[in-house]
Amino acid sequence: MATAQQTRPKAETAPKGPGGEEFRAWLSRTWPSVLVLIGALLAWELAVEIFNVSSFVLAKPSEFIAATIEQHELLLAATWVTTEEILYGFLLSVVVGVVLAVAIARFPWLERAVYPLVVLFQVVPKVALAPIFILWFGYGLAPKLLLIVVIAFFPITLNMIVGLKAVDQDLLLLMKSVGSSRNQIMARIQFPTSLPYLFAGMRIAITLAVIGAVVAEFAGARDGLGYLIQFASTQLDTPLMFAALTLVSLLGLVLYYGMSLLEFLLRRRFPHIKSPESA
């Protein structure tokens, strides 16, 4: 006869969430970079002071931080303009990149016909395209978005094509054996499998979108951080130029880690989605 202790069911413990551990891991990876950045800024400040470098040549961190505070309204307005250009262009890049990758993976003949042209188009110097786009579309938003798309769509397309082809071949044979069509296999197997690869391409693309927006503003714009950098250089306002350049760099950093955060949240919501490294 079983005892009460033997028949009593064991209490199930709730699984611990990975959030705290992942945050501590992220913090351990981040703080060395923060320390290096602070040390570099201090060394920069001391080097300019010791060697008596003119502020027209190289502004000290304290000078362009002061310029950021003094002209924060101008810099915030320019940052907002550039951010809008980056986000709109990046979203268009995602649409173009995903559609092109799905089409190439779905139709093999399209890959043979279009993919070499995509690669050839990617190696064209984008700086040379900026004035052409402005000549065609003027100084509005359209040439900037087009240049961002041209620069940023390629890593999305390339990574997603790899993801669409990285599906388990045994699973493909199983889907075909039960009569699934190619569109069903694409929607239910290939597309979910490619999502981690898509996010890897999007992280690269968001940084390229920042470069594309600044290059487009260099070529012809009336506002934005790229325009402000060019304007400050013509006025020999080096602190303002470094302040705008710093904001461009911070903007790219925030957008990159924002994309990483979005991927992290999706993986928390859908645990079956794994990164390519852990797959």
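The values are calculated or read from the model by the stated rules, or taken from the named source; none is laboratory data. Model, not experiment: these values are computed from the prediction. Note: ideal-geometry Cβ built from the backbone for every residue, glycine included; neighbour counts use all protein chains shown. Accessible surface areas use protein heavy atoms only, side chains included; no ligands, DNA or RNA. Shrake-Rupley method; radii C 1.70, N 1.55, O 1.52, S 1.80 Å.
Has the stretch 103-113 got at least one residue that is without any contact (Cβ under 8 Å) to a residue 60 or more places away in the chain, in contact with an Asp or Glu (Cβ under 8 Å, 6 or more places away or on another chain) and of a type outside the set (Phe, Trp, Tyr)? For the stretch 103-113, residues without any contact (Cβ under 8 Å) to a residue 60 or more places away in the chain, in contact with an Asp or Glu (Cβ under 8 Å, 6 or more places away or on another chain) and of a type outside the set (Phe, Trp, Tyr): present. Taking ALA142 as the residue in question, decide whether it is out of contact with any His (no Cβ under 8 Å at 6 or more places or on another chain), of a type in the set (A, V, I, L, M, F, W, C) and under 17 Å from ILE211 (Cα atoms). The answer is yes for ALA142. Put simply, of ALA216, ALA221, ALA209 the only residue that is within 30 Å of VAL124 (Cα to Cα), open to solvent by less than 50 Å² (accessible area, probe 1.4 Å) and modelled with pLDDT under 90 is ALA221.
Taking first residues from the stretch 62-84 that are at pLDDT 90 or above and partners that are of a type in the set (S, T, N, Q) and open to solvent by less than 60 Å² (accessible area, probe 1.4 Å), the Cβ contacts under 7 Å between residues at least 6 apart in sequence or on separate chains come to LEU75/THR68. Can we say LEU42 is out of contact with any helix residue (DSSP H, G or I) (no Cβ under 6 Å at 6 or more places or on another chain), surrounded by 10 or more Cβ atoms within 10 Å (Cβ to Cβ) and modelled with pLDDT of 95 or more? Against the criterion (out of contact with any helix residue (DSSP H, G or I) (no Cβ under 6 Å at 6 or more places or on another chain), surrounded by 10 or more Cβ atoms within 10 Å (Cβ to Cβ) and modelled with pLDDT of 95 or more), LEU42 does not qualify.
Given the criteria in a helix (DSSP H, G or I), among the basic types (Lys, Arg) and at pLDDT 85 or above, does LYS176 qualify? No; evaluated as a whole, the condition is false for this residue. ILE148 is checked against (1) more than 24 Å from the chain's Cα centre (by Cα); (2) open to solvent by less than 40 Å² (accessible area, probe 1.4 Å) and fails just one. What number does that condition carry? Answer for ILE148: the failing condition is (1). Whenever a residue of the stretch 176-204 is open to solvent by less than 50 Å² (accessible area, probe 1.4 Å), its partners that are basic (Lys, Arg), lying with C-beta atoms within less than 7 angstrom and at least six residues away or across chains, give the pairs MET186/ARG106; PRO196/LYS274. Looking at PHE121, PHE90, just one residue is at negative phi and either touching a His at 6+ places or on another chain (Cβ under 9 Å) or open to solvent by 70 Å² or more (accessible area, probe 1.4 Å) (or both), and that residue is PHE121.
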